[in-house]
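Remarks on the structure that follows.
What follows is calculated from the coordinates using simple rules that are stated; it is not laboratory data. Only a predicted model underlies this, so the values are computations on that prediction, with no experimental measurement involved. Cβ sites come from the backbone with ideal geometry, for glycine too, and all protein chains shown count toward neighbours.
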Amino acid sequence: MMVEIVSESKVWEWLNEVPDPEIPVISVVELGVVRSINILDDKNIEVVITPTYSGCPAMNIFEEDIEKKLKEKGFENVALTTVLSPAWTTDWIKDDVLDKLEKYGIAPPVKGTADKGALFESGPKVVRCPKCKSETTVLVSQFGSTACKALYTCSSCHEPFEYFKCI
Amino acid sequence: MELREALYKYLLRIGDTSLIAGQRLAEWVSEGPTLEEDIALTNISLDLFGQARAALSYAAEVQGKGATEDSLTYLRSEREYYNTLLSELPNGNFANTIANQFLNDAYLYHFYTALGKSKDEKLAAFAIKSVKEVRYHLRHTGEWVVRLGDGTEESKNKMQSAIDDVWMFTGDLFEMDEVDETLIEMGIGVDLNEIKRSWDTTVNKVLERATITRPEDGYMQTGRLDGQHTEYLGHILSELQYLQRAHPGAEW
């Protein structure tokens, strides 16, 4: 009897159900953490991932959740391989996912501002408040509750909010 | 010098500097001058630990003697550590921490930018990844140097003293030996004389804006290349390694 091997697109679909543990409205696939899938046979699979930030504590959770999901779907061995190149960038996040971030209350990365300079002149000019959509906002700190976010305050509605940094 | 040995030592120098700088910054947890700053310093610490893990696990692989990132971290003695002296200096007051960190960030920023062109693909990938993070660190500490330097009389005095105090440890950053020579020749390592020029430009730009006087280069204390440290590293290691020394192989 032929063993039916699941298609790669099906696996991508399953992985798209694995949420980011810290931003549950987006998945590990949408975040760009999963780089490729290598189905070896019906029991064995390799998933290639890349970290968002070198020290991101969520990476271990990503790995556990990916492994758990694929084991639920019938794989016995899930090999996770971490690669650093190409380096993760917010440019990989698609527009519809950026909208999801904003609806969730996190200002999405402003495209095209992936910071090149290291000193004073860089960074996005305008970060829109995800709550009242005002464009008059102030950077409070480059570092927020997670490595990938900065802290802002809206000058119009006075709410603090987080900005998903562009890297 | 044999390539494997040179690359191993090079990776230890990189990984140890990140590890020790990260450990120092972690001491600020819950002690930051404001909540936001507490979070910022520890976010930077976390990035540095991540970079240390990548460099030290690669070092273990290159050495090929069954070491791991953990064994390299917890079981090497003081003289087997090759971090920059700058990264092990005490936090002091907030201006001291910012001065130490800023000078280290400017160094790492230019070092990783250059290392991104290394012919060792793994090292290049690591550097390209790291520079994205260090860019934020440098911006953060650079802005603080300006804010404190160009601030009140008290903050200016503290910032100036902090830069003056740490200056004698900056020469250590750019020392090179046969490890560097071997790797530069193969297109793997970075010529630190070139990094020194970029570092000077960045540091001068920030100090000028901060109205801080750049100290004259005088006696420079060095030792990084041979694992000769200030009295402070031993104290860091005794805290960092205590558990694995007292309970070898403990896991949780």
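Within the shell of other residues whose beta carbon sits under 10 angstrom from the beta carbon of B:SER45, the net charge comes to -1, with Lys and Arg scored +1 and Asp and Glu -1.
Projected label points at A:ILE61 and A:SER156, each 7 Å from Cα along the beta carbon direction, are separated by 3.2 nanometres.
Per the Debye formula with a single identical scatterer at each Cα and no solvent contribution, what log10 I(q)/I(0) holds for region B:111-252 at q = 0.09 Å⁻¹? Log10 of I(q)/I(0), two decimals: -0.41. Across q = 0.18, 0.24, 0.33, 0.34 Å⁻¹, region B:176-220 modelled as identical point scatterers on its alpha-carbon atoms has Debye log10 I(q)/I(0) values of -0.68, -0.85, -1.09, -1.11, in the order of the q list.
Relative contact order, whole percent, for chain B stands at 25, derived from Cα pairs under 8 Å and 6 or more residues apart. On a 27 Å Cα-Cα criterion, which of the cross-link pairs A:LYS94/B:LYS129; A:LYS125/B:LYS132; A:LYS100/B:LYS122 come out too long? Pairs exceeding 27 Å: A:LYS100/B:LYS122. Summary value for chain A: 17 percent relative contact order, contacts being C-alpha pairs under 8 angstrom separated by 6+ residues.
Entry note, region A:90-164: relative contact order of 25 percent, from Cα contacts under 8 Å with a spacing of 6+ residues. Scanning chain B for trypsin sites (Lys or Arg not before Pro) in DSSP loops with at most 13 neighbouring Cβ atoms within 10 Å leaves B:120-252 as the longest stretch between them. Between A:GLU13 and B:GLU78, the modelled label-to-label distance comes to 6.2 nm, taking each label 7 Å out from Cα in the direction of the beta carbon.
Over the residues of chain A, the helix contribution to mean residue ellipticity at 222 nm works out to -6500 deg cm²/dmol, using -39500 (n - 2.57) for each DSSP H run of at least 4. Look at the stretch A:145-157: the mean tally of other chain Cβ atoms within 10 Å of its residues' Cβ atoms is 2. Cα extents for region B:137-179 along the principal axes, largest to smallest and rounded to whole angstrom: 46, 21, 9.
Once the Cα-Cα distance is subtracted from the 0.36 nm per residue extended length, the B:GLU208 to B:GLU121 segment shows a gain of 27.6 nm. Peptide A:45-58 has a mean shielding of 4, counted as Cβ atoms of other protein chains within 10 Å of each residue's Cβ. Here region A:90-164 is treated with +1 on each Lys and Arg Cβ and -1 on each Asp and Glu Cβ, and its dipole about the Cα centre works out to around 80 debye.
Over the protein assembly as shown, the ratio between the Cα radius of gyration and 2.2 N^0.38 Å evaluates to 1.03. With the helix formula -39500 (n - 2.57) applied to DSSP H stretches of n ≥ 4, chain B reaches a computed 222 nm mean residue ellipticity of -22500 deg cm²/dmol. The length gained on full extension between A:VAL83 and A:VAL6, counted as 0.36 nm times the residue separation minus their Cα-Cα distance, comes to 25.3 nm.
Pairs exceeding 30 Å between alpha-carbon atoms, taken from A:LYS149/B:LYS65; A:LYS71/B:LYS117; B:LYS158/B:LYS196: A:LYS149/B:LYS65; A:LYS71/B:LYS117.
If you take the charge dipole of region B:14-116 about its Cα centre, with +1 on Lys and Arg Cβ and -1 on Asp and Glu Cβ, which of B:PHE102, B:PRO90, B:GLN63 is farthest toward its positive end? Checking the options against the dipole of region B:14-116, the answer is B:GLN63.
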